[in-house]
Amino acid sequence: MMAEIAPINFTRGVPADESLPVDELIEAAREALATHRSGILQYGPSTGFPPFRDWIAEWLGVAPNRLLLANGSLQLIEFVCLELLSPGDVVFTESPTYDRTLTLLRRHGAKVVGIPLEPDGPDIAALELALERNVPKLFYTIPDFQNPAGATCSATKRRRIVELADKYGFLLLEDAPYRLLRYRGTPEPTLFDLAPERTLHMSSFTKLIAPGIRTGFLAGNEALVARLAKIAEDTYISPGYLAEGVAYEWCRRGSLPGQIEKLKRLYSPRLDACLAAIDRHLPGVDATRPDGGFFISVILPPDAMTTAVRTAARERKLNLADGLAFFPDGGGERFLRLPFCALTPEEIEDGIQRLAATIADVREAA
Ligand SMILES: Cc1ncc(COP(=O)(O)O)c(C=O)c1O
């Protein structure tokens, strides 16, 4: 009987296929090639397809020379590591944090210190204590609808983080790919708004248009951006102008605001379905309750470790990701990330029901 049920994947934080604006991008691709011709087929400045860089600069309200486009925001993190880190350098991240960033930091030999994350952002007392021991080169933080926890940093904590960065003299690497996917409530200021010279602010079109566009952008201090642009040039000469040209034409036509509204209409009921299903099937479980983004996280009951739940869940065709990889220095044994955007409300309800049944199986076997 089990073999017949469809699998449900609470694994990767990918956009829903139905969110991708395929037909509009076909039009934009035609227009981009017809208009820019060799301009998007040739090499060019490593800072990105110039008209798109100018468009993003205006959209963000920063000078174009403070902006670097690259093939995805993960690539930008790699450039920041190459420019700023030497083996043994200390980097702070939230704990948990985005696992791929941890991989990059470790690849560069960084000593990663995790600052425990609370539902309203990093634990400030823990941050202060960690600063008494080590001043990091960088604090990598995801203040809006954090991956993997779903937490959003409060304005008060953002201000305090900026004060501490000023006091101790470290850079903030603000990764904000989910910021515009706010389904309710009002946005907090970015760290870049609060401290533009201390912050490298990053975002990406992966969650707003499509991962295949592979365009991320970083805004920061002009001199540092120029150094990162040199690394970009030495890495790939210039980024993917064809994709940037298509995205530019699509943005220039004014498609972004409508797409963001479309995403909110699609994802907001999925967030609500996930929260309601947790309340119904896992009452009392410790869960984040985000107002946007892609992720809810739960802390499983004490006698249900994520690794055991994950293994048992396969019996019910429920695929879960391990929580441990998100934690820079241990912990996370009961942490479970639930990416809800690529599942329908019905699949979410079914998935959480299967999760609750799996937890009961594991607790019974314990
Ligand atoms: C916090 C965070 N940063 C960076 C990325 C990578 O984005 P990109 O596709 O722009 O490289 C992701 C993707 O999931 C993410 O969640």
Exercise. Report the label-to-label distance for GLU132 and HIS108 in nanometres (one decimal), using points 7 Å from each Cα along the Cα→Cβ vector.
Key: 2.9
Self-check item: Solvent-accessible area per residue, Å², over segment 75-192 with all protein chains present [probe radius 1.4 Å]
Solution: 36
Quiz item: Full extension from ARG289 to LYS262: what is 0.36 nm times the residue separation minus their Cα-Cα distance, to one decimal in nm?
Solution: 7.6 nm
Quiz prompt | Antiparallel content of DSSP bridges confined to the chain, in %, to 5 | solution = 45
Quiz item: Taking θ as phi - 60°, what are the ³J(HN,Hα) couplings along segment 92-103 by the Karplus curve (6.51, -1.76, 1.60), each to the nearest whole Hz, with x for Gly and Pro?
Solution: 9, 9, 6, 10, x, 9, 5, 5, 5, 5, 4, 4
Self-check item: the chain: most fluctuating residue of PRO87, PRO239, PRO269 per GNM, C-alpha cutoff 10 Å
Solution: PRO87
Self-check item: Sequence-distant residues sharing a close amide H with THR206 (under 5 Å, placed H)
Solution: THR215
Exercise. Would you mind working out the magnitude of the charge dipole of segment 191-282 relative to its Cα centre, with +1 at each Lys and Arg C-beta and -1 at each Asp and Glu C-beta, to the nearest 20 Debye?
Key: 340
Quiz item: Can you tell which of ALA321, ALA176, ALA126 shows the greatest fluctuation in a Gaussian network model of the chain with Cα springs below 10 Å?
Solution: ALA126
Quiz prompt | Long-range HN-HN contacts of ALA110 with modeled amide H, under 5 Å | solution = GLY88
Quiz item: So what is the 222 nm mean residue ellipticity for the chain from helices alone, if each DSSP H run of at least 4 adds -39500 (n - 2.57) and you divide by all residues, rounding to the nearest 500 deg cm²/dmol?
Solution: -13500 deg cm²/dmol
Quiz item: Say each of ASN9 and ILE26 gets a label point 7 Å from the Cα, pointing the same way as Cα to Cβ; how far apart are those two points in nm?
Solution: 2.4
Quiz item: When Lys and Arg each count +1 and Asp and Glu each count -1, what net charge do the other residues less than 11 Å away from VAL298, Cβ to Cβ, add up to?
Solution: +2
Quiz item: Ranked from highest to lowest mean number of other Cβ atoms within 10 Å per residue, what is the order of the peptides 33-39, 276-282?
Solution: 276-282, 33-39
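If R0 is 30 Å, what FRET efficiency do you get for ASP329 and ALA360 from their C-beta distance, rounded to 0.05?
Calculated transfer efficiency: 0.40.
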Quiz item: What number comes out for the charge environment of GLY332, summing +1 per Lys or Arg and -1 per Asp or Glu over other residues with Cβ under 14 Å away?
Solution: -3
Self-check item: Table column - 3J(HN,Hα) (Hz), segment 122-132, Karplus curve with 6.51, -1.76, 1.60, x for Gly and Pro
Solution: x, 5, 5, 4, 5, 5, 4, 5, 4, 5, 5
Quiz item: Rounded to the nearest 20 Debye, what is the dipole magnitude of the chain about its Cα centre when Lys and Arg each give +1 and Asp and Glu each give -1 at the C-beta?
Solution: 340
Practice problem: Report the residue, chosen from LEU129, LEU173, LEU74, that carries the largest GNM mean-square fluctuation when the chain is represented by alpha-carbon nodes joined by springs under 10 Å. | Solution: LEU129
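Taking all protein chains as present, what is the carbon and sulfur share of the accessible area of the chain, in % to the nearest whole number, probe 1.4 Å?
The value for the chain is 52 percent carbon and sulfur by accessible area.
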Exercise. Could you tell me which of rounded, prolate or oblate describes the chain, using a ≥ b ≥ c as the square roots of the eigenvalues of the alpha-carbon gyration tensor, with rounded for a/c under 1.5 and, failing that, prolate when a/b is larger than b/c and oblate otherwise?
Key: oblate
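The values are calculated or read from the model by the stated rules, or taken from the named source; none is laboratory data. Bear in mind that the values here come from a model prediction, so they are computed numbers and not experimental data. Glycine gets a Cβ as well: all are built from the backbone with ideal geometry, and neighbour counts include every protein chain shown. These area figures cover heavy atoms from the full protein model, side chains too; ligands, DNA and RNA do not enter into them. Shrake-Rupley method; radii C 1.70, N 1.55, O 1.52, S 1.80 Å.
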